[in-house]
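Asks: Please read through the structure below; I'll follow up with questions.
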Amino acid sequence: MRVIVCGAGQVGLSIASQLALEGMDVVVVDHSATLAQRLGDSLDVQTVTGHASDPRVLKQAGAEQADMIIAATFSDEVNMVACQVAHSLFGVPKKIARVRTQGYLDANYRAMFAKEHMPIDVIISPEAEVARAVVRRVTAPGAFDLIPLMDGRARLVGVRIGDDCPIINTPLRQLTALFPDLQITAIAIGRGDKYFVPSSDDQIFPMDRVYFIAATAHIDRAMAAFGHEEQKARRVLIIGGGNIGLMIADALDQASIAVRMIEKSEAQAARAAELAPNLVVINGDALEPEILEEAGVKAADTSIAVTNDDQSNILASLMAKRVGAERTIALINRASFSTLVSPLDIDVVVNPRDITISTILRHVRRGRVREVHSIGDGFGEVLEIDALATSEVVNKTISQLQLPDGAIVGAIMRDGEIELPKPNAVIKEGDRVVVFAEEAVVRKLERFFEVRLEFF
């Protein structure tokens, strides 16, 4: 199957890399000959130099035989026109576009993306996705990652383990005995700079990063089991008054959480105050302790730094924590910075690239894959899959599946009820199954669920 990826930036590079590893016929289009050459030298992909909206360039990229186009250049307009050209001239079946400008996404103008106007099948808004991810983390203090699964009935949670965790140095198989009425499935553990899929004999140690799945109704108790009983956020300080900051402020206001904002640009601060009349906006530099104190950082449960500058977000988060914020969340775009931030006193790092990639992959996978989430800096994927009648997994117990090493069943939903997997649990036709797989074994997992990496 042929996929055209428009844009050789961080998102385009990551998507192309992932699809190439999975055996796809990938062509990357970028107007920069240098970027295209660099990508072609490092990945098993074809490259074409030129503007993605140019019909001649798309023709050269093989659009006539393409099954999907993913337009992820830095220009919204180029992304939209590329999808239009791919549809009108080449009949590409599936079209995905990254659109950042919120004006295009206004509910009053959504009709422009109808098939008879601008036929884009999936629109990805990185800003909206990031805002939702941040809000989820605010509403679950103690978690550095939180992803809803199975129509919100379950959660994938990432937590850091402290010295006061009640289950440190305890084999995972004993969790059931310690918490008999609490169903938790640990699917991945990060230790140092490595992640691994734990066995029942593995123990949890301080400083570990643990991903687990639990029913939504059990999340608070599950967090307590891992040593996290933080109070729900009541007062939040947002640093950065751009679109992401405003979307976060609106969502938190609707959740009855008190919000204040610091914005360095006078014009941007005035715009934020105009668009959000209930929001207290302070015009100033968040790197100045006086400004942080004026904004009430000492009383803030959480500080959220979402400016368009990674360095500012890192420094502002460290300053906020030093001045008095209980918890900090920082938006960091550059992957190289994420590893540097780990030893610092920043509680949660949000990476727009990873969020965007997970969202795109969700729409790339075919068959009965409902959701795809990348975790652990690309360590693996959490897939939410419908069990088909012809699947190898149907009418077998978990212990009979013989999944490849690096894969684990995290949860099963049947008739709206969540069941955390036990060795004797049977998967039935129509069940929705959450599975985690290391990146290297995702393709091996396909045959078990008869899910092919094809296209709509």
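Asks: In square nanometres, what is the average projected area of the Cα convex hull of the range 243-292?
Replies: Result: a mean projected hull area of 3.4 nm².
Asks: Using all C-alpha to C-alpha distances in the range 398-451, build P(r) with 5 Å bins and read off the rounded percent in each one.
Replies: Binned Cα distances yield the sequence 4, 19, 30, 26, 15, 4, 0.
Asks: Helix hunt in the chain: which complete DSSP H runs extend at least 15 Å axially by C-alpha with mean Kyte-Doolittle at least 1.0?
Replies: 10-21
Asks: While we're on this one: For S265 and R132 in the same chain, what is the full-extension length gain: residue separation times 0.36 nm, less their Cα-Cα distance, in nm?
Replies: Answer, rounded to one decimal: 45.5 nm.
Asks: Between the range 102-146 and the range 296-346, what is the C-alpha centre distance in whole Å?
Replies: Here the two parts' Cα centres lie 23 Å apart.
Asks: Using a cut-off of 12 Å between beta-carbons, work out the net charge of the residues near L287 (Lys and Arg +1, Asp and Glu -1, L287 not included).
Replies: Numbers: positive: K264, R322; negative: D285, E288, E290, D309.
That sum, taken over residues with Cβ under 12 Å, equals -2.
Asks: Provide, in order from the shortest bin, the percent of all Cα-Cα pairs of the range 2-124 in each 10 Å bin, continuing until the bin that contains the maximum pair distance.
Replies: Whole-percent P(r) values from 0 Å outward: 15, 49, 29, 7, 0.
Asks: Give the longest segment of the chain that steers clear of GluC sites (Glu not before Pro) in DSSP loops with at most 13 neighbouring Cβ atoms within 10 Å, not counting the sites themselves.
Replies: 230-428
Asks: Let me ask you something else. Pull up all non-local amide H partners of D145: gap of 5 or more, or a different chain, and H-to-H distance under 5 Å with H placed in the peptide plane.
Replies: G158
Asks: Counting only other residues whose beta carbon sits under 14 Å from that of G190, what net charge do I get with K and R as +1, D and E as -1?
Replies: -2
Asks: Moving to a separate point now. Largest first and in whole Å, what are the equivalent-ellipsoid semi-axes of the range 130-225 based on the Cα gyration tensor, each being the root of 5 times an eigenvalue?
Replies: Taking √(5λ) for each eigenvalue gives 21, 16, 12 Å, largest first.
Asks: I would also like to ask the following. Compare the Cα positions of A299, A272, P148 along the charge dipole of the chain (+1 at Cβ of Lys, Arg; -1 at Cβ of Asp, Glu; about the Cα centre) and return the one farthest towards the positive end.
Replies: P148
Asks: Further question: Pull up the DSSP beta bridges for the chain and report the antiparallel fraction as a percent, rounded to 5.
Replies: Counting only bridges with both partners in the chain, antiparallel ones make up about 55 percent.
Asks: Got a sec? How would M261, M68 order by Cβ neighbour count within 10 Å, fewest to most?
Replies: Working: M261 27, M68 23.
Sorted ascending by nearby Cβ count, the order is M68, M261.
Asks: Mind jotting down a quarter of the surface of the convex hull over the alpha carbons of the chain, in square nanometres, one decimal?
Replies: One quarter of the hull surface, i.e. the mean projection, equals 22.0 nm².
Asks: Now for a different question. Please state the charge dipole magnitude for the range 130-225, taken about the Cα centre, from unit charges on C-beta atoms (+1 on K and R, -1 on D and E), reported in debye and rounded to the nearest 20.
Replies: So the magnitude is around 340 debye.
Asks: Let me ask you something else. Let me test this: with uniform point scatterers at the alpha carbons of the range 224-327, what is the Debye-based log₁₀ I(q)/I(0) at q = 0.17, 0.22 1/Å?
Replies: -0.70, -1.13
Asks: Still on this structure: Whole Å is fine, so just give me how far the alpha carbon centre of the range 256-286 lies from that of the range 376-420.
Replies: 45 Å
Asks: So if each residue of separation counts as 0.36 nm, and I subtract the Cα-Cα distance between A224 and D415, what length gain in nm does that give?
Replies: Here the answer is 65.9 nm.
Asks: Which length gain, in nm to one decimal place, applies between K115 and R153 when the Cα-Cα distance is subtracted from 0.36 nm times their residue separation?
Replies: Difference between extended and current length: 10.4 nm.
Asks: Taking a temperature of 20 °C and a viscosity of 1.002 mPa s, what whole-number D in µm²/s does Stokes-Einstein yield for the range 355-449 with Rh from Kirkwood over alpha carbon pairs? Write down the numbers at each step before the final one.
Replies: On the way: Rh = 13.4 Å.
The calculation lands on 160 µm²/s.
Asks: If you add up the charges near A63, with Lys and Arg at +1 and Asp and Glu at -1, over every other residue whose beta carbon is less than 14 angstrom from its beta carbon, what do you get?
Replies: Working: positive: R2, R56, K59, K94, K95; negative: D25, D54, E64, D67.
Local net charge: +1.
Every number in this text was worked out from the coordinates using simple rules, so none of it is lab data. Only a predicted model underlies this, so the values are computations on that prediction, with no experimental measurement involved. Positions of Cβ are generated from backbone atoms using ideal geometry, with glycine treated the same way; all protein chains shown enter the neighbour counts.
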